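Here is the structure we will look at, set down as structure tokens.
The values are calculated or read from the model by the stated rules, or taken from the named source; none is laboratory data. Keep in mind the model is a prediction, meaning the values are calculated, not measured. Cβ atoms come from the backbone with ideal geometry, glycine included; neighbour counts cover every protein chain shown. The accessibility values were calculated without ligands, DNA or RNA, using every heavy atom of the protein model including side chains. Shrake-Rupley method; radii C 1.70, N 1.55, O 1.52, S 1.80 Å.
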Amino acid sequence: NGDSLRWTCSDNNIRPYKNSNADIFPEFELLAAYKKWVGKPLCLDHKSSSVDMIRGIIVDTYYDRKNKRVVALCALDKVNYPDLAHKVSTGCAASVSMGTGVGRAICTDCGKVARVEADFCNHMRNKSCYGEINCELNPIELSIVVNGADPYAKIKHVLAHDLTKAEEGIANYLQLKKSGNIDT
């Protein structure tokens, strides 16, 4: 089937990276989608269907080729959500999780392609496969969460704790991004 992908490696112990939800996001899919997160909401716990749970916005993104991940610059509404802003700035709230629609999910065990949940094979339905390869990503939001599915998805830097430093922090970020020297 032309929609399917299959992981092959001469060493059976080497597998693609998956998060704790057994989701696998191929690099080519992240590269195709990362810019689409710009302008999407920053939410709490993937509750993007209500404006009551939106806490900010994704201002910019770039793809970190070295670490094979999407990095986002977000603006958090500190005025209306001071408690959350304090938790983020002190590192108490440090995990993030990307919310994305998936056009097709592929079982790593049998190669079955699912475009809707009804198409899931028994491996996917029972969560018995190594993972699901997620393709045709349609970004929805980024969420601040207690425990993210990807333990490496963390808030790395707080660029400004107050409005007087915000402009300087963003200018510094843009300079680092341009030079490719952002430490993630």
Revision key, fill the gap. On each of the three principal axes the extent of the alpha-carbon atoms of the stretch 46-138, given in whole Å and largest first, is 49, 34, 22
Revision key, fill the gap. In the chain, taking the dipole from +1 charges on Lys and Arg beta carbons and -1 charges on Asp and Glu beta carbons about the Cα centre, the listed residue (63, 81, 124) farthest towards the positive end is 63
Review point. What are the principal axis extents of the Cα atoms in the chain, in Å, biggest first?
Key: 55, 37, 25
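State the three equivalent ellipsoid semi-axes of the stretch 87-145, derived from the C-alpha gyration tensor as the square roots of 5 times its eigenvalues, in descending order and whole Å. Please list the in-between numbers first.
Working: eigenvalues 177, 37, 13 Å².
Value: 30, 14, 8 Å, ordered largest first.
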Check your understanding: For the chain, what is the relative contact order in percent, using Cα pairs closer than 8 Å and at least 6 residues apart in sequence?
Key -> 25 percent
Practice item. First compute the accessible area of the chain with a 1.4 Å probe, then give the percent of it belonging to carbon and sulfur atoms. Key: 51 percent
Review point. Can you give the accessible area per residue of the stretch 23-126, in Å², using a 1.4 Å probe?
Key: 55 Å²
Study note, to complete from the structure: Once amide hydrogens are built 1.01 Å from N within the peptide plane, the residues lying 5 or more places from residue 95 or on another chain with amide H under 5 Å from its amide H are 145, 155
**Study point:** Rounded to 10°, Cα long-axis angle of helix 163-179 versus longest principal axis of the chain
**Key:** 50 degrees
**Study point:** Using a Förster distance of 45 Å, the FRET efficiency for residue 115-residue 178 (Cβ separation, nearest 0.05)
**Key:** 0.70
**Study point:** HN-Hα J in Hz across the stretch 19-34 - Karplus 6.51, -1.76, 1.60, θ = phi - 60°, x for Gly and Pro
**Key:** 8, 5, 8, 6, 8, 10, 10, x, 4, 4, 6, 5, 4, 6, 10, 4
**Study point:** Estimated inter-spin distance, residue 46 and residue 17, nm [label 7 Å along Cα→Cβ]
**Key:** 2.0 nm
Study note, to complete from the structure: Applied in sequence order to the stretch 82-97, the curve 6.51 cos²θ - 1.76 cosθ + 1.60 (Karplus, θ = phi - 60°) yields integer Hz couplings, x standing for Gly and Pro, of x, 5, 5, 4, 5, 4, 5, 5, 9, x, 6, 10, 10, 9, 10, 8
Study note, to complete from the structure: Between residue 63 and residue 158, the two model label points (7 Å from Cα along the beta-carbon direction) sit apart by a distance in nm of 3.2 nm
Study note, to complete from the structure: Any chymotrypsin sites (Phe, Trp or Tyr not before Pro) in the stretch 58-157 that lie in a DSSP loop and have at most 12 other Cβ atoms within 10 Å would be 152
